[in-house]
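The values are calculated or read from the model by the stated rules, or taken from the named source; none is laboratory data. What you are looking at is a predicted structure, and each value in this text was computed from that prediction instead of being measured. With ideal geometry, Cβ positions are generated from the backbone for all residues, glycine too; neighbour counts draw on all protein chains shown. We work out accessible area using only protein heavy atoms, side chains counted, and drop any ligands, DNA or RNA first. Shrake-Rupley method; radii C 1.70, N 1.55, O 1.52, S 1.80 Å.
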Amino acid sequence: MHASLHLPGAAVILGLLCVAHAAGCQDRDQPPGLRPALDATPIASASVHRPDKLSGVSTDRRDSLGRPIRAACVTCHSLRRPDALPTSTAELDEFHVGLRFEHGGLSCASCHVIGEQDTLRKADGTLVPMRDAMQLCAQCHGPQLRDYANGAHGGMNGSYAGGARVRNHCVDCHDPHVPAFQPSMPVLPPRDRFVAAPGTGEGAHR
Amino acid sequence: MTQTTRRVALKVLGATLGASAFAHAMEPLRAWSKDLSLDQFLQRHYKELTSEELAEGIRRLERETREEYGREVTIRDIRPQEGVQFGYALSLSVCIGCRKCAEACHVENNHDRRTNNSYIRVLEMDQGSFDMEKGDATYEHAVPAKGKYYMPVQCQQCDNAPCVKVCPVQATWKEPDGIVAVDYNWCIGCRYCEAACPYHARRFNWTKPEVPAGEINPDQGYLSNRIRPQGVVEKCTFCLHRTREGRMPACLEACPTGARVFGNLLDPKSEIRWVLENKRIFVLKEELGTRPRFFYFFDV
């Protein structure tokens, strides 16, 4: 009798404890849930950036909002009857004087077309608009084109999955007249305790 | 009589010493309240928090950031995605050592401004040599320099991570998508992980991070770029607050040479898979058996 009276009481207390426990740890002691994966690689939504320098040149002027003013190629070139293209930058006397050129043994006419400053010519004679300059670069730089097509060259911004991305154009990174990266000063010099003068860096004893 | 007096004197002396020792031992508790709230002290491990407790902790952290740094921030707990395993690759053929990646990391992850801290250390190496320990991270001259190549090193998100194994309190662990995460509120700052990491990828917050309010990145992840407290270890998380939502890591977007490739290793159409299948790749210190998720490759 004594035992039968107490057993239900103990069971009730135990039950209450379990309920309280479950309420307090509903998502503990089990791996937290994963989010569903985003859509696959957004190859279709990848666009290629359109660099300004393919449609004009920068001037040293600025507009009323302080933005640099660019001039379209036609602004100057329409004023003059087209002349034969020079073979090297040394022969430039009116347009683009002082242009630096270090891109193999090419001459101006290897890429540019007389009188059509917005057009380029491939080695097989096909004309391509300036904005499609990548086709022109691709003629010689096959491995880079292959890597670019597979996302392993050129860099990008945006999403690797589930969203849009913007790929860089060849001339975003490479000056077509001097395509090699030019030496520049690195940014953000490290100042942690391993490199700073004793007593000044991160973690120095003070 | 004299004996009793001496006994009393010894008792009093002992009690005084004991009391002062106890007071001294409790001393940290008095300083503790200044930079550590009771809630924070009693907070459980990240993996044991219920969603309410986590939401409460996040609200508290957002409030503290507002009070201490003067900036409204949003801290989110972004869970890993199903069927996603992160991988990162870097082309040593095109990296020029400009440290733009380190700078982007510095800005994105709310690093201490005074120490120029960053999760990325770019090593300048002699061409032909391959000893990471001989790399120079402090070069200050125009890059790329003749006869040198550049190897950025950050957390390799090892599958067999020594840092995870040595942590005495399990404050660091491997997430389901491959990221090695740190619970900044559980870390005791013993720095065992920093010593265990063969890639020098972990950083210790010797001081409270100083970031001007205007420079704080308000888009913060609980396990990634929220401002870390003093005395805890931190590390690269592949920008999980960005990458778990499909965005690229900050260092990749900042790279002016396009040397970096990021993606889902389980997606056969991803760029990272193409690199792994078609390039000559290697991992740093392969012989240690850490099985990194970070790959270096060459253009051929």
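(1) open to solvent by 20 Å² or more (accessible area, probe 1.4 Å); (2) closer than 30 Å to B:Val232 by Cα; (3) modelled with pLDDT of 90 or more: which one isn't true of A:Pro186, the others all being true?
(1)
Looking only at segment A:104-114, which residues are touching a Leu at 6+ places or on another chain (Cβ under 8 Å), of a type in the set (A, V, I, L, M, F, W, C) and either within 16 Å of A:Cys137 (Cβ to Cβ) or surrounded by 15 or more Cβ atoms within 10 Å (Cβ to Cβ) (or both)?
A:Cys108, A:Cys111, A:Val113
Would you pick out the residues in segment A:57-75 that are open to solvent by 80 Å² or more (accessible area, probe 1.4 Å) and aliphatic (A, V, I, L, M)?
A:Leu65
Return the total of residues in segment A:143-155 being of a type outside the set (S, T, N, Q) and either more than 7 Å from every other protein chain (Cβ to nearest Cβ) or over 17 Å from B:Gly87 (Cα atoms) (or both).
Summing the residues that are of a type outside the set (S, T, N, Q) and either more than 7 Å from every other protein chain (Cβ to nearest Cβ) or over 17 Å from B:Gly87 (Cα atoms) (or both) in segment A:143-155 gives 7.
How many residues, within segment B:153-172, are in contact with a helix residue (DSSP H, G or I) (Cβ under 6 Å, 6 or more places away or on another chain) and either under 21 Å from B:Cys239 (Cβ atoms) or in a strand (DSSP E or B) (or both)?
2
Is it the case that A:Ala133 is of a type outside the set (Asp, Glu) and in contact with a strand residue (DSSP E or B) (Cβ under 9 Å, 6 or more places away or on another chain)?
So A:Ala133 passes the test.
Which of the residues spanning segment B:150-184 are open to solvent by 30 Å² or more (accessible area, probe 1.4 Å) and either under 17 Å from B:Gly221 (Cβ atoms) or among the hydroxyl-bearing types (Ser, Thr, Tyr) (or both)?
B:Lys174, B:Pro176
Quick one: is B:Ala196 among the hydrophobic types (A, V, I, L, M, F, W, C), farther than 18 Å from B:Asp177 by Cβ and away from chain A (no Cβ under 14 Å)?
The answer is yes for B:Ala196.
If B:Cys187 passes every condition in (1) outside any helix (DSSP H, G or I); (2) in contact with a Gly (Cβ under 9 Å, 6 or more places away or on another chain); (3) surrounded by fewer than 20 Cβ atoms within 10 Å (Cβ to Cβ); (4) hydrophobic (A, V, I, L, M, F, W, C) but one, which one does it miss?
(3)
Select the strands (runs of 3 or more DSSP E) contained entirely in segment B:207-300, then report the ones holding at least 1 residues which are open to solvent by 10 Å² or more (accessible area, probe 1.4 Å) and within 12 Å of chain A (Cβ to nearest Cβ).
Result: B:260-264, B:280-282, B:294-298.
Scanning for something open to solvent by 60 Å² or more (accessible area, probe 1.4 Å), farther than 22 Å from B:Val143 by Cα, over 16 Å from the mean Cα position of the chain (by Cα) and among the hydrophobic types (A, V, I, L, M, F, W, C), does segment A:115-138 turn up at least one residue?
Checking segment A:115-138: at least one residue is open to solvent by 60 Å² or more (accessible area, probe 1.4 Å), farther than 22 Å from B:Val143 by Cα, over 16 Å from the mean Cα position of the chain (by Cα) and among the hydrophobic types (A, V, I, L, M, F, W, C).
Quick check on this structure: which one of A:Leu85, A:Leu79 is exposed (fewer than 10 other Cβ atoms within 10 Å of the Cβ) and among the hydrophobic types (A, V, I, L, M, F, W, C)?
Result of the check over A:Leu85, A:Leu79: A:Leu79.
Considering segment B:119-138 alone, what residues qualify as being within 11 Å of chain A (Cβ to nearest Cβ) and of a type in the set (Gly, Ala, Ser)?
The one that is within 11 Å of chain A (Cβ to nearest Cβ) and of a type in the set (Gly, Ala, Ser): B:Ala137.
Please verify whether B:Glu56 is open to solvent by less than 30 Å² (accessible area, probe 1.4 Å), acidic (Asp, Glu), within 14 Å of chain A (Cβ to nearest Cβ) and outside any loop (DSSP other than H, G, I, E, B), treating the condition exactly as stated.
It is false that B:Glu56 is open to solvent by less than 30 Å² (accessible area, probe 1.4 Å), acidic (Asp, Glu), within 14 Å of chain A (Cβ to nearest Cβ) and outside any loop (DSSP other than H, G, I, E, B).
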